[in-house]
Amino acid sequence: VIEGLEAYGNNVVKIYDLSQRLLFSAHYGGPGDGWDGTYKDSMVPVGSYVCVIDYNEAGLGHEAKMIYINY
């Protein structure tokens, strides 16, 4: 869940593994649009991933954060 991101109507959220492979890319419109931790219908391994939020709004760039998946 990314609080308030739905206010940016053109946003795109991308999730990468540490090898820079794109695992997920989608517009975030609310909690139902979040990444479910899978890639090609399989759960990703426990570990660190990069989340890039592109706001696609004038004057705003993108934001990158590390996330950790643990089941």
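Worth a mention:
- Local electrostatic count at Tyr49 - Lys and Arg +1, Asp and Glu -1, tallied over other residues with Cβ under 11 Å: +2
- Dimensions in Å of the chain - Rg and Dmax from alpha carbons: 12.2, 37
- Ile53 accessible area, 1.4 Å probe, all protein chains in place, Å² to nearest 10: 10 Å²
- Each label was represented as a point 7 Å from its Cα along the Cα-to-Cβ direction; for Val50 and Asp33 these points are 2.3 nm apart.
- Electrostatic bookkeeping for Asn11 treats Lys and Arg as +1 and Asp and Glu as -1; over the other residues with beta carbon under 12 Å from its beta carbon, the sum is -4.
- Here is the list for the chain: trypsin sites (Lys or Arg not before Pro) lying in DSSP coil, each with at most 12 other C-beta atoms within 10 angstrom of its C-beta, are Arg21, Lys40.
- Order of exposure, largest accessible area first, which applies to Val46, Val52, Val1 with probe 1.4 Å: Val1, Val46, Val52
- Relative contact order computed over the chain (Cα-Cα under 8 Å; 6+ residues apart), in percent: 31 percent
- In this rough spin-label picture, where each label sits 7 Å from Cα along the Cβ direction, the Ser42-Leu18 distance is 1.9 nm.
The values are calculated or read from the model by the stated rules, or taken from the named source; none is laboratory data. Keep in mind that what you see is a predicted model, and the values were worked out from it rather than measured. Please note: Cβ atoms are built from the backbone with ideal geometry, for glycine as well, and neighbour counts cover all protein chains shown. Accessible surface is based on the protein model in full, side chains and every heavy atom, while ligands, DNA and RNA are left aside. Shrake-Rupley method; radii C 1.70, N 1.55, O 1.52, S 1.80 Å.
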